[in-house]
Amino acid sequence: MHERRLKAALFDLDGVVFDTEAQYTVFWGEQCRLYHPEHPGLEQEIKGSTLTQIYDQWFSGPLLNEQPVITERLNAYERQMSYDYIEGFIAFVDDLHKHGVKTAVVTSSNRPKMESVYRKRPDFKHLFDAILTSEDFQQSKPHPDCYLTAARRLGVVPDECVVFEDSVNGLHSGLDAKMKVVGLLTTNPVDVVAPLSDVQVKDYVGMTYDTLSQSLHFTIDS
């Protein structure tokens, strides 16, 4: 049997590294009620979509001129957001590094958003070997391009990687990249996440290199 060792952990950002999904629900709830009062609950439907996808589907045509207005509001909102780590994340990443596992953020967020993150969390950059944003990809999630690009950046192959995702688009992206996928239950219920992931967790408490490798059938270093 071919032995596979875990060499890279690839993390989405919102709902995976940071507990921010509730804050985005508030923002998009306000915008959706303003522009689409005929569609209550739209902010729940667009969860996990990129900004371009949201604009293309819901803010094009007669609302096209509102896109820069919404973007300005979003940028201002992200500057004042709180960026709290998902419980157990720091300890988990530290244990991965101790076992030689490379880490990367793979997010559809843009660089201006990340500047807000860096200001609020100066320690953030030191947690990862690479940070890939929307500007680094040719195609957005659910296309696998972003995770395949991250693997190449880290010098690993897909079957040496595990993807951590919370959104439907992101989960599809990880699976289509032929990587193992851990589904975070921070945004969607388990019945949505389970069919699109190998393992489901609510946070990182108690998760280690050993427990992750065992659950995903990676070879553990002796």
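The values are calculated or read from the model by the stated rules, or taken from the named source; none is laboratory data. Keep in mind that what you see is a predicted model, and the values were worked out from it rather than measured. Neighbour counts are summed over all protein chains in view; Cβ atoms, including those assigned to glycine, are modelled from backbone coordinates with ideal geometry. Note: accessible area is taken over every heavy atom of the protein model, side chains too, but ligands, DNA and RNA are not part of it. Shrake-Rupley method; radii C 1.70, N 1.55, O 1.52, S 1.80 Å.
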Here, Val69 and His126, labelled 7 Å along Cα→Cβ, have an inter-label distance in nm of 4.4
Once each part is reduced to its C-alpha centroid, what is the distance from segment 1-60 to segment 108-122 in angstrom?
16
Computed FRET efficiency, Cβ-Cβ of His97 and Asp136, R0 25 Å: what is it to the nearest 0.05?
0.65
If you count only protein heavy atoms with a 1.4 Å probe, what accessible area per residue comes out for the chain, rounded to a whole Å²?
48
Using the per-residue mean of other Cβ atoms lying within 10 Å as a proxy for protection, in what order, highest first, do the peptides 177-184, 29-36 fall?
177-184, 29-36
So, by mean Cβ neighbours within 10 angstrom, what's the order for 48-55, 104-111, 70-77 with the highest one leading?
104-111, 48-55, 70-77
Taking Lys and Arg as +1 and Asp and Glu as -1, residues besides Pro189 with C-beta under 15 Å from its C-beta add up to -3
Could you work out, for segment 118-209, what percent of all Cα-Cα pairs fall into each 10 Å distance bin, beginning at 0 Å and stopping at the bin that holds the largest distance?
17, 42, 37, 4
What is the gain in length, in nm to one decimal, between Lys178 and Tyr118 on full extension, counting 0.36 nm per residue of separation less the C-alpha to C-alpha distance?
18.5 nm
Over the chain, what is the mean sequence separation of C-alpha contacts under 8 Å (at least six apart), divided by residue count, expressed as relative contact order in percent?
28
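Place the peptides 8-16, 131-139 in order of packing, highest mean first, counting for every residue the other Cβ atoms within 10 Å and averaging per peptide.
8-16, 131-139
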Give the carbon-plus-sulfur fraction of the accessible surface of segment 1-74 in %, rounded to a whole number; probe 1.4 Å, heavy atoms of protein chains only.
53
Set Lys102/Lys125; Lys102/Lys202; Lys98/Lys178; Lys7/Lys98 screened for pairs whose C-alpha atoms are more than 18 Å apart
Lys102/Lys202; Lys98/Lys178
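Can you show me the helix-derived [θ] at 222 nm for the chain, built from DSSP H runs with n ≥ 4 at -39,500 (n - 2.57) apiece and divided by the number of residues, rounded to the nearest 500.
That comes out to -11500 deg cm²/dmol.
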Roughly what would the spin-label model give for Val26 and Gln80, points 7 Å off Cα along C-beta, in nm?
1.0
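To the nearest µm²/s, what D does Stokes-Einstein give for the chain at 10 °C and 1.306 mPa s, using the Kirkwood radius over alpha carbon pairs as Rh?
So the translational diffusion coefficient is about 88 µm²/s.
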Pop a pseudo-label 7 angstrom from the Cα along the beta-carbon direction at both Arg4 and Leu216 and give the gap in nm to one decimal.
0.9
